[in-house]
1. Of the residues that make up the range A:4-15, is at least one at positive phi, buried (at least 21 other Cβ atoms within 10 Å of the Cβ) and in contact with a Leu (Cβ under 7 Å, 6 or more places away or on another chain)?
2. Does the range B:39-49 include one or more residues that are under 20 Å from residue B:166 (Cβ atoms) and either part of a strand (DSSP E or B) or among the aliphatic types (A, V, I, L, M) (or both)?
3. Look through A:156, A:151, A:126 and report the one residue that is within 14 Å of chain B (Cβ to nearest Cβ), among the hydrophobic types (A, V, I, L, M, F, W, C) and in a helix (DSSP H, G or I).
4. So how many residues does the range A:176-191 have that are farther than 16 Å from residue A:159 by Cα and in a strand (DSSP E or B)?
5. Tell me whether the range B:14-29 contains one or more residues that are part of a loop (DSSP other than H, G, I, E, B), over 18 Å from the mean Cα position of the chain (by Cα), within 14 Å of another protein chain (Cβ to nearest Cβ) and at pLDDT 95 or above.
6. Any residue at all in the range A:100-115 that's over 22 Å from residue B:15 (Cβ atoms) and among the aromatic types (Phe, Trp, Tyr)?
7. Checking residue A:46 against (1) charged (D, E, K, R); (2) in contact with a Cys (Cβ under 8 Å, 6 or more places away or on another chain); (3) surrounded by fewer than 18 Cβ atoms within 10 Å (Cβ to Cβ): exactly one of these is not met. Which one?
2 protein chains.
Amino acid sequence: MAGTVFASVSMSLDGYVAPGSAGELMGRQWMELQAWVFPTRTFRERLSMGAGGETGQDDDLVRATCERTGANIMGRRMIDAGEAMWPEEPPFRSPVFVLTHREREPWVRAGGTTFHFVTDGIESALDQAREAADDLDVRVSGGAETIQQYLNAGLLDELTVSVSPVIFGAGVRLFDGVDSERVAPEQVHAQTSPRTTHLTYAVSQRE
Amino acid sequence: MAGTVFASVSMSLDGYVAPGSAGELMGRQWMELQAWVFPTRTFRERLSMGAGGETGQDDDLVRATCERTGANIMGRRMIDAGEAMWPEEPPFRSPVFVLTHREREPWVRAGGTTFHFVTDGIESALDQAREAADDLDVRVSGGAETIQQYLNAGLLDELTVSVSPVIFGAGVRLFDGVDSERVAPEQVHAQTSPRTTHLTYAVSQRE
(Lines give C-alpha, C1' and ligand atoms only; values in the text may rest on other atoms or scores of the structure.)
Protein backbone atom coordinates (compact mmCIF):
# COMPACT_ATOMS: atom_id res chain seq x y z
CA MET A 1 0.00 0.00 0.00
CA ALA A 2 1.24 3.43 -0.92
CA GLY A 3 2.09 5.83 1.89
CA THR A 4 0.62 9.26 2.51
CA VAL A 5 1.90 12.30 0.63
CA PHE A 6 2.14 15.10 3.14
CA ALA A 7 3.63 18.50 3.86
CA SER A 8 4.42 20.00 7.26
CA VAL A 9 5.43 23.64 7.56
CA SER A 10 5.57 26.50 10.03
CA MET A 11 3.36 29.44 9.06
CA SER A 12 3.13 32.93 10.53
CA LEU A 13 -0.20 34.17 11.82
CA ASP A 14 -0.53 36.17 8.62
CA GLY A 15 0.15 33.23 6.34
CA TYR A 16 3.85 33.41 5.49
CA VAL A 17 6.30 30.50 5.51
CA ALA A 18 9.49 32.34 4.53
CA PRO A 19 10.86 35.86 4.49
CA GLY A 20 11.14 37.72 1.22
CA SER A 21 14.86 37.20 0.83
CA ALA A 22 17.24 34.45 1.85
CA GLY A 23 19.30 36.99 3.76
CA GLU A 24 16.52 37.25 6.33
CA LEU A 25 16.64 33.52 7.05
CA MET A 26 18.42 34.25 10.29
CA GLY A 27 16.30 37.27 11.13
CA ARG A 28 14.03 37.84 14.11
CA GLN A 29 10.83 36.82 12.32
CA TRP A 30 12.26 33.55 11.05
CA MET A 31 13.54 32.69 14.51
CA GLU A 32 10.11 33.37 16.00
CA LEU A 33 8.44 31.32 13.27
CA GLN A 34 10.66 28.33 14.02
CA ALA A 35 10.97 28.91 17.77
CA TRP A 36 9.04 25.72 18.46
CA VAL A 37 11.32 23.49 16.40
CA PHE A 38 14.86 24.76 17.09
CA PRO A 39 15.03 23.67 20.75
CA THR A 40 13.73 20.16 20.14
CA ARG A 41 15.98 17.21 20.76
CA THR A 42 15.24 15.62 17.37
CA PHE A 43 15.94 18.81 15.41
CA ARG A 44 19.23 19.36 17.24
CA GLU A 45 20.19 15.78 16.62
CA ARG A 46 19.28 15.93 12.91
CA LEU A 47 21.17 19.19 12.45
CA SER A 48 24.24 17.78 14.21
CA MET A 49 23.98 20.40 16.93
CA GLY A 50 25.01 17.95 19.58
CA ALA A 51 23.25 16.24 22.44
CA GLY A 52 20.51 17.79 24.52
CA GLY A 53 17.41 19.63 23.51
CA GLU A 54 13.85 19.54 24.71
CA THR A 55 11.50 16.61 24.66
CA GLY A 56 7.72 16.91 24.80
CA GLN A 57 4.96 17.34 22.25
CA ASP A 58 6.86 19.55 19.80
CA ASP A 59 9.75 17.10 19.80
CA ASP A 60 7.30 14.24 19.41
CA LEU A 61 5.94 15.86 16.25
CA VAL A 62 9.39 16.49 14.77
CA ARG A 63 10.44 12.94 15.50
CA ALA A 64 7.23 11.40 14.14
CA THR A 65 7.60 13.51 10.99
CA CYS A 66 11.16 12.31 10.51
CA GLU A 67 10.28 8.70 11.15
CA ARG A 68 7.31 8.53 8.80
CA THR A 69 9.25 10.09 5.92
CA GLY A 70 10.69 7.60 3.45
CA ALA A 71 11.47 10.16 0.75
CA ASN A 72 11.32 13.93 0.26
CA ILE A 73 10.41 16.20 -2.63
CA MET A 74 11.64 19.79 -2.77
CA GLY A 75 11.94 22.72 -5.11
CA ARG A 76 15.29 23.83 -6.46
CA ARG A 77 15.34 27.08 -4.50
CA MET A 78 14.99 25.18 -1.25
CA ILE A 79 18.09 23.12 -1.88
CA ASP A 80 19.94 26.22 -3.07
CA ALA A 81 19.14 27.95 0.23
CA GLY A 82 19.63 24.80 2.27
CA GLU A 83 23.00 23.81 0.88
CA ALA A 84 24.58 26.69 2.73
CA MET A 85 22.96 25.79 6.03
CA TRP A 86 22.70 22.04 6.24
CA PRO A 87 25.57 20.27 7.96
CA GLU A 88 27.89 17.74 6.29
CA GLU A 89 25.25 15.18 7.10
CA PRO A 90 21.96 16.71 5.88
CA PRO A 91 18.90 16.25 8.06
CA PHE A 92 16.85 14.18 5.60
CA ARG A 93 18.59 10.80 5.88
CA SER A 94 16.47 9.54 3.03
CA PRO A 95 16.26 10.16 -0.74
CA VAL A 96 15.39 13.72 -1.78
CA PHE A 97 13.87 14.38 -5.21
CA VAL A 98 14.60 17.91 -6.37
CA LEU A 99 12.39 19.55 -9.00
CA THR A 100 14.62 21.35 -11.44
CA HIS A 101 15.03 22.20 -15.11
CA ARG A 102 18.71 21.34 -15.17
CA GLU A 103 20.03 17.79 -15.40
CA ARG A 104 22.46 16.87 -12.68
CA GLU A 105 23.94 13.62 -11.38
CA PRO A 106 22.67 12.34 -8.03
CA TRP A 107 24.48 13.94 -5.13
CA VAL A 108 25.24 11.44 -2.40
CA ARG A 109 25.78 12.86 1.08
CA ALA A 110 26.62 11.28 4.41
CA GLY A 111 23.94 9.73 6.59
CA GLY A 112 21.56 8.39 3.97
CA THR A 113 20.65 11.59 2.10
CA THR A 114 20.95 11.43 -1.67
CA PHE A 115 19.64 14.28 -3.80
CA HIS A 116 18.11 13.14 -7.09
CA PHE A 117 17.42 15.83 -9.68
CA VAL A 118 14.14 15.41 -11.54
CA THR A 119 13.55 17.34 -14.76
CA ASP A 120 10.32 15.77 -16.00
CA GLY A 121 7.78 17.22 -13.61
CA ILE A 122 6.02 16.83 -10.31
CA GLU A 123 4.24 13.56 -11.11
CA SER A 124 7.47 11.89 -12.10
CA ALA A 125 9.12 13.15 -8.91
CA LEU A 126 6.24 11.75 -6.88
CA ASP A 127 6.39 8.37 -8.63
CA GLN A 128 10.10 8.15 -7.90
CA ALA A 129 9.63 9.29 -4.30
CA ARG A 130 6.86 6.74 -3.70
CA GLU A 131 9.04 3.99 -5.08
CA ALA A 132 11.95 5.05 -2.88
CA ALA A 133 9.76 5.48 0.22
CA ASP A 134 8.53 1.91 0.02
CA ASP A 135 5.73 1.75 2.58
CA LEU A 136 6.74 4.94 4.38
CA ASP A 137 5.29 8.36 3.55
CA VAL A 138 6.47 10.97 1.06
CA ARG A 139 7.08 14.47 2.39
CA VAL A 140 6.75 17.46 0.11
CA SER A 141 9.30 19.49 2.04
CA GLY A 142 8.87 22.83 0.30
CA GLY A 143 9.12 25.57 -0.57
CA ALA A 144 5.69 27.09 -0.76
CA GLU A 145 5.53 27.02 -4.55
CA THR A 146 6.25 23.30 -4.61
CA ILE A 147 3.57 22.59 -2.00
CA GLN A 148 1.13 24.70 -4.04
CA GLN A 149 1.88 22.67 -7.16
CA TYR A 150 1.10 19.41 -5.40
CA LEU A 151 -2.02 20.88 -3.77
CA ASN A 152 -3.40 22.16 -7.05
CA ALA A 153 -2.66 18.86 -8.79
CA GLY A 154 -4.60 16.97 -6.13
CA LEU A 155 -1.50 15.00 -5.20
CA LEU A 156 -1.14 16.09 -1.57
CA ASP A 157 -3.11 14.00 0.92
CA GLU A 158 -2.32 15.80 4.14
CA LEU A 159 -1.04 19.18 5.27
CA THR A 160 0.18 20.17 8.71
CA VAL A 161 0.50 23.89 9.37
CA SER A 162 2.20 24.95 12.59
CA VAL A 163 0.78 28.43 13.18
CA SER A 164 3.37 30.44 15.08
CA PRO A 165 2.74 33.68 16.99
CA VAL A 166 4.57 36.07 14.68
CA ILE A 167 3.40 38.51 12.02
CA PHE A 168 5.64 38.69 8.94
CA GLY A 169 3.98 41.44 6.92
CA ALA A 170 5.92 40.35 3.82
CA GLY A 171 7.57 37.30 2.34
CA VAL A 172 6.44 34.04 0.78
CA ARG A 173 2.84 33.06 1.45
CA LEU A 174 1.93 29.39 1.83
CA PHE A 175 -1.37 29.56 -0.04
CA ASP A 176 -0.72 32.12 -2.78
CA GLY A 177 -1.64 30.54 -6.06
CA VAL A 178 -3.64 27.73 -4.50
CA ASP A 179 -6.87 27.03 -6.40
CA SER A 180 -9.38 27.95 -3.70
CA GLU A 181 -12.29 26.57 -5.74
CA ARG A 182 -10.81 23.08 -5.89
CA VAL A 183 -8.61 22.52 -2.85
CA ALA A 184 -10.79 21.45 0.09
CA PRO A 185 -9.06 21.10 3.46
CA GLU A 186 -10.73 19.17 6.24
CA GLN A 187 -9.42 19.69 9.76
CA VAL A 188 -8.49 16.31 11.20
CA HIS A 189 -6.21 17.13 14.11
CA ALA A 190 -5.05 20.09 16.14
CA GLN A 191 -2.54 20.22 18.91
CA THR A 192 -1.23 23.18 20.78
CA SER A 193 2.10 23.62 22.47
CA PRO A 194 3.42 26.65 24.34
CA ARG A 195 5.13 27.99 21.19
CA THR A 196 2.81 27.11 18.28
CA THR A 197 -0.34 25.28 17.26
CA HIS A 198 -0.13 22.34 14.88
CA LEU A 199 -3.15 22.08 12.57
CA THR A 200 -3.46 19.01 10.37
CA TYR A 201 -5.79 18.87 7.38
CA ALA A 202 -6.81 16.06 5.07
CA VAL A 203 -6.83 17.57 1.60
CA SER A 204 -9.21 16.58 -1.14
CA GLN A 205 -10.36 18.15 -4.39
CA ARG A 206 -13.78 19.61 -4.91
CA GLU A 207 -15.28 18.51 -8.26
CA MET B 1 -10.35 48.36 36.85
CA ALA B 2 -10.69 48.69 33.10
CA GLY B 3 -11.72 45.62 31.12
CA THR B 4 -9.83 43.94 28.32
CA VAL B 5 -9.97 45.28 24.78
CA PHE B 6 -10.28 42.29 22.51
CA ALA B 7 -11.21 41.11 19.03
CA SER B 8 -12.51 37.69 18.02
CA VAL B 9 -12.83 36.76 14.36
CA SER B 10 -13.01 33.77 12.05
CA MET B 11 -10.09 33.57 9.60
CA SER B 12 -9.56 31.32 6.61
CA LEU B 13 -6.46 29.15 6.48
CA ASP B 14 -4.97 31.67 4.05
CA GLY B 15 -5.64 34.66 6.28
CA TYR B 16 -8.91 36.15 5.06
CA VAL B 17 -11.80 37.30 7.24
CA ALA B 18 -14.21 38.43 4.54
CA PRO B 19 -14.83 37.94 0.84
CA GLY B 20 -13.93 40.68 -1.59
CA SER B 21 -17.47 41.91 -2.08
CA ALA B 22 -20.53 42.05 0.16
CA GLY B 23 -22.46 40.04 -2.42
CA GLU B 24 -20.38 36.99 -1.52
CA LEU B 25 -21.39 37.19 2.13
CA MET B 26 -23.74 34.28 1.59
CA GLY B 27 -21.35 32.35 -0.63
CA ARG B 28 -19.80 28.94 -0.09
CA GLN B 29 -16.51 30.24 1.33
CA TRP B 30 -18.21 32.49 3.88
CA MET B 31 -20.46 29.65 5.00
CA GLU B 32 -17.43 27.39 5.46
CA LEU B 33 -15.58 30.14 7.35
CA GLN B 34 -18.46 30.56 9.78
CA ALA B 35 -19.56 26.91 9.83
CA TRP B 36 -18.53 26.61 13.46
CA VAL B 37 -20.63 29.56 14.66
CA PHE B 38 -23.90 29.30 12.70
CA PRO B 39 -25.18 26.11 14.37
CA THR B 40 -24.48 27.25 17.92
CA ARG B 41 -27.35 27.80 20.29
CA THR B 42 -26.13 31.23 21.36
CA PHE B 43 -25.68 32.51 17.81
CA ARG B 44 -29.14 31.29 16.81
CA GLU B 45 -30.61 32.90 19.89
CA ARG B 46 -28.78 36.21 19.29
CA LEU B 47 -29.85 36.29 15.64
CA SER B 48 -33.47 35.55 16.57
CA MET B 49 -33.38 32.31 14.59
CA GLY B 50 -35.50 30.55 17.17
CA ALA B 51 -34.87 27.86 19.73
CA GLY B 52 -32.47 24.97 19.31
CA GLY B 53 -28.91 24.90 18.13
CA GLU B 54 -25.84 23.07 19.29
CA THR B 55 -24.18 23.32 22.66
CA GLY B 56 -20.57 22.37 23.31
CA GLN B 57 -17.25 24.14 23.12
CA ASP B 58 -18.01 26.35 20.10
CA ASP B 59 -21.23 27.49 21.74
CA ASP B 60 -19.36 28.03 24.99
CA LEU B 61 -16.97 30.40 23.21
CA VAL B 62 -19.75 32.34 21.50
CA ARG B 63 -21.63 32.68 24.76
CA ALA B 64 -18.55 33.68 26.75
CA THR B 65 -17.71 36.27 24.09
CA CYS B 66 -21.21 37.73 24.29
CA GLU B 67 -21.24 37.76 28.07
CA ARG B 68 -17.87 39.45 28.52
CA THR B 69 -18.69 42.22 26.05
CA GLY B 70 -19.93 45.43 27.63
CA ALA B 71 -19.51 47.57 24.51
CA ASN B 72 -18.51 47.14 20.86
CA ILE B 73 -16.49 49.17 18.40
CA MET B 74 -16.91 48.73 14.66
CA GLY B 75 -16.05 50.34 11.36
CA ARG B 76 -18.68 52.04 9.27
CA ARG B 77 -18.59 49.44 6.50
CA MET B 78 -19.42 46.71 8.98
CA ILE B 79 -22.61 48.39 10.07
CA ASP B 80 -23.47 49.20 6.44
CA ALA B 81 -23.21 45.49 5.59
CA GLY B 82 -24.78 44.38 8.84
CA GLU B 83 -27.84 46.61 8.72
CA ALA B 84 -29.24 44.51 5.92
CA MET B 85 -28.69 41.24 7.75
CA TRP B 86 -29.21 41.85 11.44
CA PRO B 87 -32.70 41.19 12.75
CA GLU B 88 -34.98 43.83 14.28
CA GLU B 89 -33.19 43.12 17.53
CA PRO B 90 -29.45 43.27 16.63
CA PRO B 91 -27.18 40.67 18.22
CA PHE B 92 -25.03 43.09 20.24
CA ARG B 93 -27.42 43.96 23.09
CA SER B 94 -24.94 46.55 24.30
CA PRO B 95 -23.69 49.94 23.08
CA VAL B 96 -21.90 49.93 19.71
CA PHE B 97 -19.49 52.74 18.82
CA VAL B 98 -19.21 53.17 15.08
CA LEU B 99 -16.14 54.85 13.58
CA THR B 100 -17.29 57.22 10.88
CA HIS B 101 -16.61 60.59 9.32
CA ARG B 102 -20.26 61.60 9.23
CA GLU B 103 -22.17 62.90 12.26
CA ARG B 104 -25.32 60.98 13.02
CA GLU B 105 -27.68 60.80 16.00
CA PRO B 106 -27.53 57.66 18.14
CA TRP B 107 -29.66 54.90 16.70
CA VAL B 108 -31.55 53.01 19.40
CA ARG B 109 -32.64 49.48 18.52
CA ALA B 110 -34.58 46.86 20.43
CA GLY B 111 -32.87 44.58 22.94
CA GLY B 112 -30.23 46.93 24.30
CA THR B 113 -28.28 47.79 21.17
CA THR B 114 -27.65 51.47 20.56
CA PHE B 115 -25.32 52.58 17.78
CA HIS B 116 -23.29 55.67 18.64
CA PHE B 117 -21.47 57.37 15.78
CA VAL B 118 -17.99 58.59 16.64
CA THR B 119 -16.26 61.09 14.37
CA ASP B 120 -13.19 61.98 16.43
CA GLY B 121 -11.08 58.88 16.07
CA ILE B 122 -10.30 55.46 17.50
CA GLU B 123 -9.06 56.64 20.90
CA SER B 124 -12.22 58.61 21.53
CA ALA B 125 -14.31 55.62 20.49
CA LEU B 126 -12.35 53.43 22.89
CA ASP B 127 -12.72 55.90 25.76
CA GLN B 128 -16.47 56.00 25.22
CA ALA B 129 -16.70 52.22 24.88
CA ARG B 130 -14.70 51.67 28.09
CA GLU B 131 -16.96 54.06 29.93
CA ALA B 132 -20.07 52.31 28.61
CA ALA B 133 -18.68 48.82 29.30
CA ASP B 134 -18.15 49.61 32.96
CA ASP B 135 -16.15 46.63 34.24
CA LEU B 136 -16.94 44.38 31.28
CA ASP B 137 -14.69 44.09 28.23
CA VAL B 138 -14.68 46.09 25.01
CA ARG B 139 -14.90 44.13 21.77
CA VAL B 140 -13.45 45.55 18.59
CA SER B 141 -15.95 43.76 16.38
CA GLY B 142 -14.44 44.57 13.01
CA GLY B 143 -13.95 44.80 10.15
CA ALA B 144 -10.35 43.94 9.50
CA GLU B 145 -9.28 47.53 8.93
CA THR B 146 -10.67 48.60 12.29
CA ILE B 147 -8.91 45.73 14.09
CA GLN B 148 -5.68 46.70 12.29
CA GLN B 149 -6.02 50.30 13.48
CA TYR B 150 -6.34 49.21 17.10
CA LEU B 151 -3.50 46.69 16.75
CA ASN B 152 -1.13 49.26 15.28
CA ALA B 153 -2.05 51.82 17.92
CA GLY B 154 -1.22 49.33 20.67
CA LEU B 155 -4.78 49.54 21.97
CA LEU B 156 -5.81 45.90 21.49
CA ASP B 157 -4.96 43.61 24.43
CA GLU B 158 -6.16 40.29 23.11
CA LEU B 159 -6.98 38.69 19.78
CA THR B 160 -8.81 35.43 19.15
CA VAL B 161 -8.54 34.00 15.65
CA SER B 162 -10.74 31.02 14.81
CA VAL B 163 -8.85 29.37 11.95
CA SER B 164 -11.39 27.61 9.74
CA PRO B 165 -10.61 24.92 7.15
CA VAL B 166 -11.31 26.92 4.01
CA ILE B 167 -9.07 28.66 1.49
CA PHE B 168 -10.41 31.99 0.21
CA GLY B 169 -7.81 32.96 -2.37
CA ALA B 170 -9.10 36.54 -2.37
CA GLY B 171 -10.90 38.99 -0.13
CA VAL B 172 -10.08 41.01 2.97
CA ARG B 173 -7.02 39.88 4.91
CA LEU B 174 -6.97 40.20 8.69
CA PHE B 175 -3.35 41.29 8.99
CA ASP B 176 -2.79 43.41 5.89
CA GLY B 177 -1.43 46.72 7.03
CA VAL B 178 -0.44 45.50 10.49
CA ASP B 179 2.93 46.83 11.59
CA SER B 180 4.85 43.54 11.83
CA GLU B 181 7.83 45.23 13.46
CA ARG B 182 5.80 46.48 16.41
CA VAL B 183 2.85 44.14 16.96
CA ALA B 184 3.99 41.18 19.06
CA PRO B 185 1.42 38.39 19.58
CA GLU B 186 1.97 35.85 22.32
CA GLN B 187 -0.05 32.64 22.14
CA VAL B 188 -1.94 32.23 25.40
CA HIS B 189 -4.67 29.72 24.59
CA ALA B 190 -5.70 27.33 21.85
CA GLN B 191 -8.72 25.16 21.62
CA THR B 192 -9.85 22.95 18.82
CA SER B 193 -13.34 21.91 17.88
CA PRO B 194 -14.45 19.69 15.01
CA ARG B 195 -15.03 22.72 12.74
CA THR B 196 -12.30 25.22 13.62
CA THR B 197 -9.42 26.00 15.96
CA HIS B 198 -9.61 28.99 18.28
CA LEU B 199 -6.22 30.66 18.85
CA THR B 200 -5.99 33.39 21.46
CA TYR B 201 -3.06 35.81 21.61
CA ALA B 202 -2.08 38.45 24.11
CA VAL B 203 -0.91 41.40 22.06
CA SER B 204 1.83 43.77 23.08
CA GLN B 205 4.02 46.26 21.28
CA ARG B 206 7.69 45.75 20.63
CA GLU B 207 9.69 48.88 21.42
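The values are calculated or read from the model by the stated rules, or taken from the named source; none is laboratory data. In this text the structure is predicted, and so the values were computed from the model without any measurement. Glycine also receives a Cβ, built like all others from the backbone with ideal geometry; neighbour counts cover every protein chain displayed.
1. Keep residues of the range A:4-15 that are at positive phi, which gives A:15.
When the remaining residues are screened for being buried (at least 21 other Cβ atoms within 10 Å of the Cβ), the result is A:15.
Still in the running and in contact with a Leu (Cβ under 7 Å, 6 or more places away or on another chain): A:15.
Yes, the range A:4-15 contains at least one residue that is at positive phi, buried (at least 21 other Cβ atoms within 10 Å of the Cβ) and in contact with a Leu (Cβ under 7 Å, 6 or more places away or on another chain).
2. Here is the first cut: in the range B:39-49, the residues under 20 Å from residue B:166 (Cβ atoms) are B:39-40, B:43.
From what's left, either part of a strand (DSSP E or B) or among the aliphatic types (A, V, I, L, M) (or both): B:40.
The answer is yes, given that some residue of the range B:39-49 is under 20 Å from residue B:166 (Cβ atoms) and either part of a strand (DSSP E or B) or among the aliphatic types (A, V, I, L, M) (or both).
3. Values: A:156 fails: in a helix (DSSP H, G or I); A:126 fails: within 14 Å of chain B (Cβ to nearest Cβ).
When all the criteria are applied, what remains is A:151.
4. The total comes to 0.
5. Among the residues of the range B:14-29, at least one is part of a loop (DSSP other than H, G, I, E, B), over 18 Å from the mean Cα position of the chain (by Cα), within 14 Å of another protein chain (Cβ to nearest Cβ) and at pLDDT 95 or above, which makes the answer yes.
6. Filtering the range A:100-115 down to residues over 22 Å from residue B:15 (Cβ atoms) leaves A:100-115.
Next cut, among the aromatic types (Phe, Trp, Tyr) only: A:107, A:115.
Within the range A:100-115, one or more residues are over 22 Å from residue B:15 (Cβ atoms) and among the aromatic types (Phe, Trp, Tyr).
7. Of (1) charged (D, E, K, R); (2) in contact with a Cys (Cβ under 8 Å, 6 or more places away or on another chain); (3) surrounded by fewer than 18 Cβ atoms within 10 Å (Cβ to Cβ), only one is false for residue A:46: (3).
Condition check ((1) farther than 22 Å from residue A:33 by Cβ; (2) within 17 Å of the chain's Cα centre (by Cα)) across all residues:
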site	(1), (2)
B:98	yes, yes
B:113	yes, yes
B:173	no, yes
B:179	no, no
B:188	no, no
